[in-house]
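*Asks:* My questions all concern the structure below.
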């Protein structure tokens, strides 16, 4: 209990004194996870919507696969990305290993299935509602996807935030591909793992509280910006 | 008068899971007026309407317009029994069909304002369409269907569950559309409405067209025993 209190106190001091290391680490965490979120959303939102409205041969298989990939172990993703990006790997020439870019790649792989799968669930319901009308209006496939994404944007926001939650709290993959290098690839989660290993629980806890505050702050501000929960329907 | 018609249905059959829902139906729709489809529940009225609109998969037979199918698809509209509201404002619901066909913005706004006034919702344009009352939703659905000025309009029991005033508003919009040469094909359970609007009529029973004729004869001198029973209000098995 004492440790937790101490952690809160040092978290407070780290924040109010604008500790340079903390700021840098937090910003890097945000930068990596938000980039991963944007890239994953650009892929997953249309993909999930497409799966909801289009009947094709291997659709069921694709959806089961997607659901299975939601549980992809980050450590394994990290390992595979590591091998692909390592000097001797196929993308070794790009020199991306141990850079924030590698961490973004790993996180995109981890959260894309999650966002796509939640999107698919939400869009399936909306499509059931809109189906007859959009067919009757003679819409093209692309117009249907656009309409569903726009009218289901609040559900999609939830899907994206779930992805962000997973990305910002993820440690296994970015530890492997990022390497937790001070001033280069150290982020909140890897720093927490390191400080815990060193036995500096106060600092680890402080970083942990900052991480939680960050996650809550991002969620609230996105909801506020997108004006969810304001109109009667939602 | 529309160049799209006549619409010819030839030996149309619709089967789902081994059960015959419709057909065989052979039918030619002449180019003008309002065709009313009546009949008991499950007699195939909606399926027939959907076949004509081209959104039902045919198990057999064919439905052909006088113009190419792609063109025909563009020039018709359908109003569903339960109005489907986009989760947008009233104004955006009206804009939507025009935006799909890339209508110039100024033209869209003119049409939207015209139709909002026509259905009496001009004060509620900014409201979410899903929050309208049942009658308002159905009027909005009708306006959204007519906003592209379709040559052919299908309506599936547009006045089910509506009160007298809303029914009158909808019938008045349909009358206007008729004078502007829109071809209308609709189903109804309201025989009063059928008499008020119909130019000719079809009686559906067990998935086939049991009797048809111009409204004058159809309602006053029904030929088949089943249609006579239907008009008397008997329950037809």
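The values are calculated or read from the model by the stated rules, or taken from the named source; none is laboratory data. All values reported here derive from a predicted model rather than from experimental measurement. Ideal geometry is used to build each Cβ from the backbone, glycine not excepted, and the neighbour counts take in all protein chains shown.
*Asks:* Evaluate the following for residue B:99: is it within 13 Å of another protein chain (Cβ to nearest Cβ), free of Cβ contacts under 8 Å to residues at least 24 places away in the same chain and either more than 20 Å from the chain's Cα centre (by Cα) or in a helix (DSSP H, G or I) (or both)?
*Replies:* yes
*Asks:* Show me the helices (runs of 4 or more DSSP H) entirely contained within the stretch B:144-237 in which 1 or more residues are closer than 23 Å to residue B:112 by Cβ and touching a helix residue (DSSP H, G or I) at 6+ places or on another chain (Cβ under 6 Å).
*Replies:* Qualifying helices (runs of 4 or more DSSP H): B:164-179.
*Asks:* Do you know which residues across the stretch A:128-143 are surrounded by fewer than 19 Cβ atoms within 10 Å (Cβ to Cβ) and assigned to a helix (DSSP H, G or I)?
*Replies:* Correct list: A:128, A:129, A:131, A:132, A:135, A:141, A:142, A:143.
*Asks:* Would you confirm whether any residue within the stretch A:71-81 is within 14 Å of chain B (Cβ to nearest Cβ) and surrounded by fewer than 21 Cβ atoms within 10 Å (Cβ to Cβ)?
*Replies:* no
*Asks:* Within the stretch B:15-40, work out how many residues are without any contact (Cβ under 8 Å) to a residue 24 or more places away in the chain and not in a strand (DSSP E or B).
*Replies:* Adding up the residues that qualify gives 2.
*Asks:* Could you check residue A:200 against (1) away from chain B (no Cβ under 14 Å); (2) crowded, with 17+ Cβ neighbours inside 10 Å and say which number it fails?
*Replies:* Failing condition for residue A:200: (2).
*Asks:* Could you check how many residues of the stretch A:201-215 are without any contact (Cβ under 8 Å) to a residue 12 or more places away in the chain and over 21 Å from residue A:24 (Cβ atoms)?
*Replies:* 0
*Asks:* Among the residues of the stretch A:85-139, what is the count of those that are within 14 Å of another protein chain (Cβ to nearest Cβ) and under 19 Å from residue A:161 (Cβ atoms)?
*Replies:* 4
*Asks:* Of all residues being over 21 Å from residue B:9 (Cα atoms) and free of Cβ contacts under 8 Å to residues at least 24 places away in the same chain in the stretch B:194-217, which is surrounded by the fewest Cβ atoms within 10 Å (Cβ to Cβ)? Just the residue, please.
*Replies:* By that ranking, first place goes to B:216.
*Asks:* When the stretch B:32-64 is examined, which residues are found to be in contact with a helix residue (DSSP H, G or I) (Cβ under 7 Å, 6 or more places away or on another chain) and within 14 Å of chain A (Cβ to nearest Cβ)?
*Replies:* B:53, B:54, B:55, B:56
*Asks:* Same structure, new question: Of the residues in the stretch B:129-145, how many are under 10 Å from residue B:94 (Cβ atoms) and either surrounded by fewer than 24 Cβ atoms within 10 Å (Cβ to Cβ) or more than 12 Å from chain A (Cβ to nearest Cβ) (or both)?
*Replies:* 2
*Asks:* Just need a number here: residues in the stretch B:102-125 that are within 14 Å of chain A (Cβ to nearest Cβ) and part of a loop (DSSP other than H, G, I, E, B).
*Replies:* Result for the stretch B:102-125: 2.
*Asks:* Right, next: Any residue in the stretch B:65-73 that is away from chain A (no Cβ under 11 Å) and touching a strand residue (DSSP E or B) at 6+ places or on another chain (Cβ under 7 Å)?
*Replies:* Yes: one or more hits.
*Asks:* Separate question: Determine which member of the set A:79, A:97, A:51, A:66 is touching a residue at least 12 places away in the same chain (Cβ under 8 Å) and not in a helix (DSSP H, G or I).
*Replies:* A:97
*Asks:* Being within 30 Å of residue A:145 (Cβ to Cβ) and modelled with pLDDT of 95 or more narrows it down to one residue among A:122, A:40, A:128; which is it?
*Replies:* The conditions single out A:40.
*Asks:* Only one residue in A:86, A:64, A:10 is touching a helix residue (DSSP H, G or I) at 6+ places or on another chain (Cβ under 8 Å) and at pLDDT 90 or above. Which one?
*Replies:* A:86
*Asks:* Hey, another quick one. Specify which of the listed residues (A:168, A:181) is under 14 Å from residue A:25 (Cβ atoms), surrounded by fewer than 22 Cβ atoms within 10 Å (Cβ to Cβ), out of contact with any strand residue (DSSP E or B) (no Cβ under 8 Å at 6 or more places or on another chain) and more than 14 Å from every other protein chain (Cβ to nearest Cβ).
*Replies:* A:181
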